[in-house]
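Since the structure comes first, as structure tokens, the remarks are kept for the end.
The values are calculated or read from the model by the stated rules, or taken from the named source; none is laboratory data. The model shown is predicted, which means the values in this text are computed figures rather than measured ones. Quick reminder, even Gly has a Cβ in these numbers, built from the backbone with ideal geometry, and neighbours come from all protein chains shown.
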Amino acid sequence: MNGLKKISHFIDALNQTLGRGVAWLVLATVLLSVFTAVARKFGFGSNGWLEGQWYLYSAVFLLGAAYTLQADKHVRVDVLSKHWSAKTRAWVDIVGHIIFVLPVAIGLAWLGWQEFMQVWQHNEMSADAGGLPRWPVKLLIPVGFVLLILQVFSEIGKRIIIIAKGEPT
């Protein structure tokens with residue numbers, strides 16, 4: 001169990017560090033949005049700046065998902081679970097992660113990687129004048145879902161410890 005706990009803590013620390021860093025991208029997105037609006041008002045806007053906002057928002061959403069799961073801030077229906085024991089909640093979480101989250105995350109990581117490779121190989125650029133290359137935002141998809149997969153494994157590990165020892169992590 002100590003090995004499982006160490007791996008879980010490592011994954012948690014990774015996603016927590018990344019999540020806190022990614023949170024600053026919200027400020028960057030807002031500042032870029034303000035700058036873009038002001039720049040357009042004075043006639044020197046750029047499609048690249050608009051796409052930069054989209055890229056930053058994508059990074060916040062995709063790279064922040066694992067941190068959200070780790071911090072237990074994701075959407076959850078607590079109407080029933082608040083009455084369950086810790087072991088029952090742990091079992092429900094394990095089953096939910098295995099049946100619902102893992103298949104979707106693995107599938108999207110795989111498809112995202114294939115899409116990234118296609119865009120990378122063709123050096124795809126935005127169709128808009130002054131637009132950005134597409135590969136950075138396409139890379140966020142598999143990276144974000146791999147981080148989510150790692151966090152799901154961490155959450156499953158923590159639930160196994162709760163079931164086995166009855167101790168919170």
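Which of the residues spanning region 129-160 are outside any helix (DSSP H, G or I) and not small (Gly, Ala, Ser)?
132, 133, 134
Out of curiosity, is residue 92 surrounded by 13 or more Cβ atoms within 10 Å (Cβ to Cβ), free of Cβ contacts under 8 Å to residues at least 40 places away in the same chain and aliphatic (A, V, I, L, M)?
Answer is yes for this residue.
Consider residue 65 against the criteria (1) over 27 Å from residue 145 (Cα atoms); (2) at pLDDT 90 or above: it satisfies all of them except one. Which criterion is unmet?
Checking residue 65 against (1) over 27 Å from residue 145 (Cα atoms); (2) at pLDDT 90 or above, the one that fails is (1).
Taking the residues in region 110-169 that are β-branched (Val, Ile, Thr) and closer than 22 Å to residue 87 by Cα as candidates, determine which candidate is surrounded by the fewest Cβ atoms within 10 Å (Cβ to Cβ).
163
Just checking, does region 113-134 include any residue being among the basic types (Lys, Arg) and under 14 Å from the mean Cα position of the chain (by Cα)?
No - not one qualifying residue is present in region 113-134.
Check 17, 36, 29 and return the single one that is part of a helix (DSSP H, G or I), closer than 30 Å to residue 160 by Cα and either without any contact (Cβ under 8 Å) to a residue 12 or more places away in the chain or of a type in the set (Ser, Thr, Tyr) (or both).
Only one candidate passes the filter, namely 17.
Do we have any residue at all in region 62-83 that's of a type in the set (Gly, Ala, Ser) and farther than 30 Å from residue 132 by Cα?
Yes; the residues of region 62-83 include at least one that is of a type in the set (Gly, Ala, Ser) and farther than 30 Å from residue 132 by Cα.
Taking region 39-65, which residues are in a helix (DSSP H, G or I) and more than 15 Å from the chain's Cα centre (by Cα)?
Once the filter is applied, which keeps residues that are in a helix (DSSP H, G or I) and more than 15 Å from the chain's Cα centre (by Cα), region 39-65 yields 39, 40, 41, 47, 48, 49, 50, 51, 52, 53, 54.
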